[in-house]
1. I'd like to verify a number: residues in region 59-88 that are touching a Pro at 6+ places or on another chain (Cβ under 8 Å), over 19 Å from His154 (Cβ atoms) and of a type outside the set (A, V, I, L, M, F, W, C), how many?
2. Checking the structure you have, find out if any residue of region 76-85 is among the β-branched types (Val, Ile, Thr), touching a strand residue (DSSP E or B) at 6+ places or on another chain (Cβ under 6 Å) and at pLDDT 95 or above.
3. For the list (1) assigned by TED's automatic domain parsing to the domain that holds Gly274; (2) at negative phi, I need the number of the one condition that Asp176 fails.
4. Output the qualifying pairs, or none if there are none: Cβ atoms under 6 angstrom, residues six or more apart or on different chains, first residue in region 17-36 and farther than 27 Å from Arg189 by Cα, second residue charged (D, E, K, R).
5. Which of (1) modelled with pLDDT of 95 or more; (2) out of contact with any strand residue (DSSP E or B) (no Cβ under 7 Å at 6 or more places or on another chain); (3) acidic (Asp, Glu) does Glu156 not meet, given it meets every other one?
6. If I filter region 322-346 down to residues being in a strand (DSSP E or B) and surrounded by fewer than 24 Cβ atoms within 10 Å (Cβ to Cβ), which single residue comes out as modelled with the lowest pLDDT?
7. Among the candidates Gly269, Gly240, Gly232, Gly206, single out the residue that is on the phi > 0 side of the Ramachandran plot and under 20 Å from the mean Cα position of the chain (by Cα).
8. Among the residues of region 124-148, write down those that are outside any loop (DSSP other than H, G, I, E, B), over 22 Å from Glu71 (Cβ atoms) and touching a residue at least 60 places away in the same chain (Cβ under 8 Å).
Amino acid sequence: MEKVDITIIGAGVVGLAIAAYVSDKSRNVLVVEKHKSFGQETSSRNSEVIHASIYYPKNSLKGKLCLEGNEMLCELCHKYNIPHKNTGKLIVACNDEEVAKLPILLNTAMNNGAKGVHIISQDEVKKMEPNVEARAAIYCPTSGIVDSHSLMRHYEAMAIENGANAIYGIEVVSIDKASGGYIVGYKDRSEVRGKFQSRILINCAGLESGKISEMAGINQDEAGYRIQRCKGIYFRVRHGIEKFPKMLIYPVPPVHGHVGVHTTPDLGGGMRLGPHFYWTDEMDLNVDESYREYFYESAVRFLPFLKIEDLQPDIAGFYPTRQKPGEGLIDFIIKHESERGLDNFINLVGIESPGLTASPAIGKYVKELIDNSIYLL
């Protein structure tokens with residue numbers, strides 16, 4: 001039976017970032033992914049925003065890793081010419097009630113260490129974005145957008161250069177603890193089955209991360225690891241490019257745990273609105289046109305030039321959240337499961353937004369878990 005040192009299950013942006021950071025010539029690192037290429041689920045179906053660590057609770061992994069990842073990701077993009085843009089972001093307040101919430105949101109951001117954030121006036125908003133209406137706003141200078149595909153391609157290339165292997169079309173179907181690690185059962189796209197042994201196993205399976213945890217012997221519900229089917233949909237604005245804001249424009253969060261429908265400029269000059277999240281048992285990627293009016297009403301408050309007929313359905317994605325309907329923000333799970341008797345098993349569960357921004361910091365974090373843990377020798 002073939003043996004490897006480290007296996008990473010899942011080749012989304014986080015799995016590939018971890019592969020890039022933990023691989024070196026002294027370790028045999030393997031990435032396995034059930035799809036035919038990387039990033040086929042959440043990592044290719046999101047806003048592609050570089051977040052500034054505004055919304056997350058103090059001392060949370062989301063807050064810490066987003067802040068560190070923001071700086072690391074921008075440096076990475078500059079160094080390796082990964083397409084990106086430092087657009088900045090405005091969180092806009094459109095009425096007195098929202099204006100009153102800005103200092104509270106600013107305090108959360110500052111507690112996270114977000115850099116350069118401050119409240120600006122209506123006149124200052126107009127100077128930055130003449131076509132945006134707001135009574136006041138929080139300005140976030142370190143926010144931006146990134147080409148997620150190019151970023152994942154970079155991580156994959158970095159991992160392979162370091163000696164790692166990535167195998168696509170391989171789905172993990174069983175995990176059994178064994179002396180010296182784990183026996184991993186898999187099947188390929190032709191239903192051919194096989195097994196290999198891995199000394200260290202890292203679960204980066206995204207939407208399937210709860211399922212992989214259970215394969216390893218963890219009860220999803222008792223551990224709080226069950227992934228909820230949360231769908232995010234987007235609409236694209238077809239006309240009015242001369243009026244599109246160049247910055248990211250977010251509303252004051254309407255509900256705790258969600259940032260609301262916002263603008264996402266793309267690197268080609270276009271603009272999407274979204275996401276709108278809802279929980280569903282259906283796993284289709286269609287965007288229901290009946291949400292057009294909801295998107296229009298959500299955004300026209302601060303984008304008065306919008307016309308409802310210029311909105312058309314765009315992409316949809318499912319996000320690996322542990323958050324249930326009505327709950328507030330829930331933190332990342334990134335830990336080795338030695339306390340559950342699973343030495344050498346590192347679990348990443350519920351890595352939703354800001355996972356893209358945090359990806360280099362998560363890669364570094366997991367590398368430190370491996371390098372510093374007595375369980376992972």
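1. 4
2. No: region 76-85 contains no residue that is among the β-branched types (Val, Ile, Thr), touching a strand residue (DSSP E or B) at 6+ places or on another chain (Cβ under 6 Å) and at pLDDT 95 or above.
3. Here Asp176 clears every test but (1).
4. From residues that are farther than 27 Å from Arg189 by Cα, the pairs are Tyr21/Lys364; Tyr21/Lys367; Val22/Lys367; Arg27/Asp5.
5. The single condition Glu156 does not satisfy is (2).
6. His336
7. Gly206
8. Across region 124-148, the qualifying residue is only Met128.
The values are calculated or read from the model by the stated rules, or taken from the named source; none is laboratory data. In this text the structure is predicted, and so the values were computed from the model without any measurement. All Cβ positions, even for glycine, are placed from backbone atoms using ideal geometry, and neighbour counts span all protein chains on display.
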